[in-house]
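> Below is the structure I would like to discuss, written out as structure tokens.
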Amino acid sequence: MFGALIIGAEILSGKRQDKHFPKIIEILKARGLALGWSMYLPDEPAVITAVLSSTLAREDIVFCFGGIGATPDDHTRQCAAKAAGVELALHPDAKREIEARFGAEAYPKRIEMGVFPVGSRIVPNPYNRVPGFSYARHHFFPGFPEMAWPMMEWVLDNEYPHLHNQQPSVDVAIVVRDAGESQLIDLMNACIARHPGAKLFSLPSFTPAGRRIELGVKGNEAEASRALDFLKVGVTALGFGWEERK
């Protein structure tokens, strides 16, 4: 499963609008992949460390955006090391990249951006050569979109090409008219039990024409098609009208 951590008090306060979330979905979808979960985190070391401790203990592939600079409000590198139970050290490849970009001006401050948890791998930054880093299945990028998005693509294409388009997923649905979700719960549960490989979703809305529920499933094409046929038969049996989602 793919996850995303987006770090920044300015996002949570509303001072800056997050652009990462829709782009993460777009980048994954282009490779036949999907985002399983996402979280926004404050610039609080205790919170970042606790979340990373949890996610590092799982098998998820996690993309983390923000907080890897060298200013006092950047804590992600330190929190990642603490969560992993390792020390921080200047990565030799990061050192070469930063020195190549800034020369003597890399010292004494910019070089700190190459201090990563011991055991990390660098992620090349095509924008200014200041790298991000990967630790286990976690990948850490700057918060700047022009840097982070190409770096995420590099990670997917270099570390996970074997996962691309393994099982293309489809999203199919019908629109059920004049039904409440509570009236369809038994049908939903039956669909989940009958087709466990398809992920069911229900999106209610209220329109001038009345209540509508977008009822559908996500999954591989064959399984999703069978599950949707099951829902169509069930909705009809319950006496509700439906139409194909446009």
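The values are calculated or read from the model by the stated rules, or taken from the named source; none is laboratory data. The model shown is predicted, which means the values in this text are computed figures rather than measured ones. All Cβ positions, even for glycine, are placed from backbone atoms using ideal geometry, and neighbour counts span all protein chains on display. To get the accessible areas, we keep the full protein, side chains included, count just its heavy atoms, and leave off ligands, DNA and RNA. Shrake-Rupley method; radii C 1.70, N 1.55, O 1.52, S 1.80 Å.
> Under 19 Å from TRP154 (Cβ atoms), at pLDDT 95 or above and touching a strand residue (DSSP E or B) at 6+ places or on another chain (Cβ under 6 Å) - does that describe any residue in segment 36-47?
No, because not a single residue in segment 36-47 is under 19 Å from TRP154 (Cβ atoms), at pLDDT 95 or above and touching a strand residue (DSSP E or B) at 6+ places or on another chain (Cβ under 6 Å).
> Follow-up. Which residues, taken from segment 146-182, are in a helix (DSSP H, G or I), farther than 20 Å from PRO124 by Cα and in contact with a Pro (Cβ under 9 Å, 6 or more places away or on another chain)?
GLU181
> Also: Filter segment 135-162 down to residues that are in contact (Cβ under 8 Å) with a residue 24 or more places away in the chain, open to solvent by less than 40 Å² (accessible area, probe 1.4 Å) and not aromatic (Phe, Trp, Tyr), then give me how many there are.
Looking only at that region, the number is 10.
> If I go through segment 204-220 residue by residue, how many of them are of a type in the set (Lys, Arg) and closer than 26 Å to ASN165 by Cβ?
The qualifying residues number 1.
> A follow-up question, please. Answer with yes or no whether LEU187 is within 30 Å of PRO126 (Cβ to Cβ) and crowded, with 19+ Cβ neighbours inside 10 Å.
Values: within 30 Å of PRO126 (Cβ to Cβ): no; crowded, with 19+ Cβ neighbours inside 10 Å: yes.
The answer is no for LEU187.
> So which residues in segment 30-48 are part of a helix (DSSP H, G or I) and open to solvent by 20 Å² or more (accessible area, probe 1.4 Å)?
PRO45, ALA46, VAL47, listed by residue number.
> Filter segment 58-92 for residues that are in contact with a helix residue (DSSP H, G or I) (Cβ under 8 Å, 6 or more places away or on another chain), open to solvent by 10 Å² or more (accessible area, probe 1.4 Å) and part of a helix (DSSP H, G or I) and give the result.
GLN78, LYS82, ALA83, ALA84 - these are the residues of segment 58-92 that are in contact with a helix residue (DSSP H, G or I) (Cβ under 8 Å, 6 or more places away or on another chain), open to solvent by 10 Å² or more (accessible area, probe 1.4 Å) and part of a helix (DSSP H, G or I).
> Of all the residues that make up segment 191-246, how many are in a helix (DSSP H, G or I), open to solvent by less than 70 Å² (accessible area, probe 1.4 Å), out of contact with any strand residue (DSSP E or B) (no Cβ under 8 Å at 6 or more places or on another chain) and of a type in the set (Gly, Ala, Ser)?
Result for segment 191-246: 2.
> Would you tally the residues in segment 93-114 being loosely packed, with under 15 Cβ neighbours inside 10 Å and either under 14 Å from LEU41 (Cβ atoms) or of a type in the set (Gly, Ala, Ser) (or both)?
Residues flagged as loosely packed, with under 15 Cβ neighbours inside 10 Å and either under 14 Å from LEU41 (Cβ atoms) or of a type in the set (Gly, Ala, Ser) (or both) within segment 93-114 amount to 3.
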